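A.B. asks: I have a structure here, written as structure tokens, and I will follow up with some questions on it.
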Amino acid sequence: MATKKTTKKKTKKTGTDSGSGSETFSFQTEVQKLLDLMVHSLYSHKEIFLRELISNASDALDRLRFESLTNSELLSEGTKLEIRLEADGKERLLTIHDNGIGMTRQEVIDNIGTIAKSGTQELAEKMRKSRSDEALGELIGQFGVGFYSSFMVADKVVVVTRRAGEPSATRWESSGQGQFTVEPSERETNGTSVILHLKAVDEEEGLEDFTDQAVLSRIVKRYSDFIAYPIVLKAGDEGKTLNSMKPIWERSASEVNDEEYSEFYKHITHDWRDPLETIVQKAEGLLEYKALLFIPSEAPVDLYFVGSESGLKLYVKRVLIMETCEELLPRYLRFVRGVVDSSDLPLNVSREILQQDRQIRQMRKGLLKKVLDALQSMRETDEAKYLKFWTAFGRALKEGVPEDFENKDKIVSLCLFESSADSEKLTSLSDYVSRMKDEQDAIYYIAGGPREMLESSPHLEAFRDRGLEVLFLTDAVDELLVQALPEFEGKTLRSAGKGTLELGSEEERKQKKRDLDEKTKGFDELLTRMQKILDDRVKEVRLSNRLTTSPACLVGGEHEFSPRLESWLREQRGDAPVLRRILELNADHEVVTRLKARFDVDESSELIPEYAELLYGYAVLAEGSPLRDPAAFARRFADLMARGFGP
Ligand code: ADP
Ligand code: MG
């Protein structure tokens, strides 16, 4: 999708405007599609345009107040921050004024005319796929498409805006049909006015009289009551405030309904979906704060990127002092959104202070506990919902096990894993333990890639034989998790692909060991020889008791990284050690017995190095790791195939 502003076509109108500074631009293709949809929308709740414009005005006021914390000139003393509605029934005009941050000329062009927001982008995507108007109508309702929704109710929209700190204003105008014009203008103060030239009233189409006081009052109450600035309707000489302005987090949870929470969530996150979970906290006593937190229903695309944005909005006594305060929750809960309002912090608190502030640390503790408890109770009471949560955010939460020693146990109890016990359902560690066999003393897992790959790993053969359950650790972070978790409910966590394998009763194990020792005696020389051949990659070649059908597999030392974690660490830090692993052979497999037979009659057979390499390559591929020299393996493999036809 061509969303870059640099790709926007700039088509200066010929003749008329040159000299006046007016310029005409074409809307980006996606925006135009969206606009066409708005203009011809059959969607009946067209009233949501007001929610969107008020939300933008409120954002602009927030930003002004926020920027003025560091640049006091932007907000002169005594200025009353507010949103004003001005209705003119005769001219069919509705204007939404704010005295917020405003926009520069370039900002107007960039912000209104391109689709930059992921939500809108997604909508454009869905629009392309969907054909029916009804479905589209529903989409609009869900998404809320911001500024562009004004074209549902207006056939012309004018924006006059002046950036705080700038001397001049800009006028933007469009009728939503392909183009918009931008020109210099005047505005007494900083802020933005959005002037809607309303379409004719048509109640059946959802076009009410949006200049009517009762209508406006109802819409504001419904969607925007929580807005922290007064929304004043100018009626004659008087102004009437339409919203209660009471911050939603100050109201008790019993008097706020789900829809109101949901509207607030959408307002602060710009998400168009309802939140999955709403968490309300009121802390009283030594430390006083109120929190209204949300777990979104889906993960943002950048959740797992290194620098992805996270953090809660921090208010001090109802004044927003930080847009994204990362100190309030640990990084592994970065998916949580919402606001925290403290009664104790100083208003001029800075980021540096925050990092060492004792109160922030206390708050962080309280919020963290609240979130983990909420997740715990979701898990206990609503499995389907929890699964939805887990699918979206489980990977982030798992990071908490190695990172947060204090809360490790709590987090582990929230973790779900894929398991050989059930191909459909995820399992928790306690469920695994409850299914363990009497003689089983460890929780077995296999790590290193997608489930389909792990399922065909030779390492699983012995477990399958005995009907032992194995967890599939499919995320790279899982390996850090198990490293931080030597045991769970008294049971050791053990990799099926590392160390020597000890399954079955003690007697059985001893017997197996004796058998293996016995066999190994005859194999000693061949094993040593093969190890020398593979020395740069393999530190030991030994006989295996974990294989039943495969000829060979690679095994890590008990405490070593897996190949995947190794490459992951190399990517992240650029310096993981290269590990030499153990090659295990299945002494009952025909390839191995016949190789041994050949070695016994002819120690210097050229087949020995060939087969050593082939078996090693086989083992690497079987566990799904990449070969370091695939060309050499392929060559050997082709030779082997050719030889298969006999002399
Ligand atoms: P969103 O609010 O999700 O960013 P919108 O379509 O509602 O999307 O608005 C697009 C952008 O236009 C905003 O992000 C903001 O930068 C700018 N904008 C809209 N309305 C205003 C306003 N009243 N004051 C300042 N900037 C605004
Ligand atoms: Mg908006």
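The values are calculated or read from the model by the stated rules, or taken from the named source; none is laboratory data. Every value quoted in this text rests on a predicted model; they were computed, and no experiment measured them. Using ideal geometry, Cβ is built from the backbone for each residue, glycine included, and neighbour counts are taken over all protein chains shown. Quick note on the areas: whole protein, heavy atoms, side chains included, nothing else; ligands and nucleic acids left out. Shrake-Rupley method; radii C 1.70, N 1.55, O 1.52, S 1.80 Å.
A.B. asks: Pairs of alpha-carbon atoms within less than 8 angstrom and 6+ residues apart define the contacts here; what relative contact order does the range 237-355 have, in percent?
C.D. replies: Details: 164 pairs, mean separation 25.6, N = 119.
Normalised by residue count, the contact order of the range 237-355 is 21 percent.
A.B. asks: About the Cα centre of the chain, how large is the charge dipole given +1 on each Lys and Arg Cβ and -1 on each Asp and Glu Cβ? Please answer in debye to the nearest 20. Walk me through the numbers before you get to the answer.
C.D. replies: Details: 93 positive and 115 negative charges, 221 e Å.
Once rounded to the nearest 20, the dipole reads 1060 debye.
A.B. asks: Taking the highest mean first, how do the peptides 526-535, 266-275 order by number of other beta carbon atoms within 10 angstrom per residue? It would help to have the intermediate numbers written out before the result.
C.D. replies: Values: 526-535: 16.8, 266-275: 18.8.
Put in order of decreasing packing, that is 266-275, 526-535.
A.B. asks: Could you give each residue of the range 403-409 its phi-based ³J(HN,Hα) in whole Hz, using Karplus coefficients 6.51, -1.76, 1.60 with θ = phi - 60°, and x for Gly or Pro?
C.D. replies: Per residue, the Karplus-derived 3J(HN,Hα) values read 8, 10, 4, 4, 9, 3, 4 Hz.
A.B. asks: How big is the Cα convex hull of the range 253-317 in projection, averaged over all directions, in nm²?
C.D. replies: Approximately 5.9 nm², given one-decimal rounding.
A.B. asks: Would you calculate the convex hull of the Cα atoms in the range 42-105 and tell me its volume per residue in Å³?
C.D. replies: 127
A.B. asks: Work out, step by step, the length gained on full extension between Asp212 and Leu579: first 0.36 nm times the residue separation, then minus their alpha carbon distance; give nm to one decimal.
C.D. replies: On the way: separation 367, 0.36 × 367 = 132.12 nm, distance 7.47 nm.
Length gained between Asp212 and Leu579: 124.7 nm.
A.B. asks: Straight-line reach from Lys498: which aspartates and glutamates fall under 15 Å, measuring Cα to Cα and dropping same-chain residues less than 8 apart?
C.D. replies: Answer for Lys498, where 15 Å is the Cα cut-off: Glu461, Glu479, Glu540, Glu558, Glu560, Glu566, Glu584, Glu623, listed by chain and number.
A.B. asks: Could you bin all the Cα-Cα distances of the chain into 10 Å bins starting at 0 and give me the percent of pairs in each, rounded to whole numbers?
C.D. replies: That works out to 3, 13, 19, 18, 15, 12, 10, 7, 4, 1, 0, 0, in percent per bin.
A.B. asks: Quick one: what are the phi-derived ³J(HN,Hα) couplings along the range 44-61, Karplus 6.51/-1.76/1.60 with θ = phi - 60°, whole Hz, x for glycine and proline?
C.D. replies: The phi angles translate into 7, 8, 5, 4, 5, 4, 5, 3, 5, 5, 5, 4, 5, 5, 5, 4, 5, 5 Hz.
A.B. asks: So for the range 352-410, if I pair up every lysine 8 or more residues apart or on another chain, how many of those pairs have alpha-carbons under 17 Å apart?
C.D. replies: 10
A.B. asks: Oh, and also: Could you give the spread of the C-alpha atoms of the range 329-470 along their three principal axes, from largest to smallest, in whole angstroms?
C.D. replies: So the three principal-axis extents are 66, 30, 28 Å.
A.B. asks: Okay, moving on. Give me the percent relative contact order of the chain, please, defined on Cα pairs under 8 angstrom at least 6 residues apart.
C.D. replies: Relative contact order, the chain: 8 percent.
A.B. asks: Using only Cα atoms and rounding to the nearest 10 degrees, what angle (0 to 90) does helix 258-269 make with the longest principal axis of the chain?
C.D. replies: On a 0 to 90 degree scale, this one is about 80.
A.B. asks: Please compute the per residue accessible area over the chain with all protein chains in place, 1.4 Å probe, rounded to a whole number of Å².
C.D. replies: Here the per-residue accessible area is 49 Å².
A.B. asks: Another question about this same structure. Please give the calculated 222 nm ellipticity per residue for the chain, where each DSSP H segment of at least 4 residues contributes -39500 (n - 2.57) and the sum is spread over every residue; nearest 500 deg cm²/dmol?
C.D. replies: Details: 21 runs with 250 residues, N = 647.
It comes out at -12000 deg cm²/dmol, rounded to the nearest 500.
A.B. asks: Checking the cross-link filter: which aspartates and glutamates have an alpha carbon closer than 14 Å to that of Lys596, excluding same-chain neighbours under 8 positions apart?
C.D. replies: Asp524, Glu525, Asp588, Glu606, Glu610
A.B. asks: Pulled fully out, how much extra length does the chain show between Lys532 and Glu77, if you take 0.36 nm times their separation in residues and subtract their Cα-Cα distance? Numbers along the way, then the final one.
C.D. replies: Values: separation 455, 0.36 × 455 = 163.80 nm, distance 8.15 nm.
The Lys532-Glu77 span can extend by a further 155.7 nm.
A.B. asks: What is the angle, in °, between the Cα long axis of helix 358-381 and the longest principal axis of the Cα atoms in the chain? Nearest 10 is fine, range 0 to 90.
C.D. replies: In the chain, helix 358-381 runs at an angle near 70 degrees to the longest axis.
A.B. asks: Here's another thing I want to ask about it. Rounded to the nearest 0.05, what FRET efficiency do Lys491 and Asp629 give with R0 = 51 Å and r taken as the Cβ-Cβ distance? Could you check?
C.D. replies: Calculated value: 0.80.
A.B. asks: Next up: I'd like the carbon and sulfur percentage of the solvent accessible area for the chain, probe radius 1.4 Å, heavy atoms only, ligands and nucleic acids excluded.
C.D. replies: 48
A.B. asks: Next up: Taking every pair of alpha-carbon atoms in the range 399-494, give the share separated by more than 17 Å as a whole percent.
C.D. replies: When every Cα pair of the range 399-494 is considered, 48 percent fall beyond 17 Å.
A.B. asks: Using a Förster radius of 56 Å, what is the FRET efficiency between Leu303 and Phe645 based on their Cβ-Cβ separation? Nearest 0.05, please. If you can, show how the numbers build up before the last one.
C.D. replies: Values: r = 54 Å, r/R0 = 0.97.
Approximately 0.55, to the nearest 0.05.
A.B. asks: Follow-up question, since we're still on this one. How much length is gained on full extension from Lys519 to Phe405, taking 0.36 nm per residue of separation minus their Cα-Cα distance?
C.D. replies: Between Lys519 and Phe405, full extension yields 36.5 nm more.
A.B. asks: Angle between the Cα long axis of helix 563-573 and the longest principal axis of the chain, 0 to 90 degrees, nearest 10?
C.D. replies: 40
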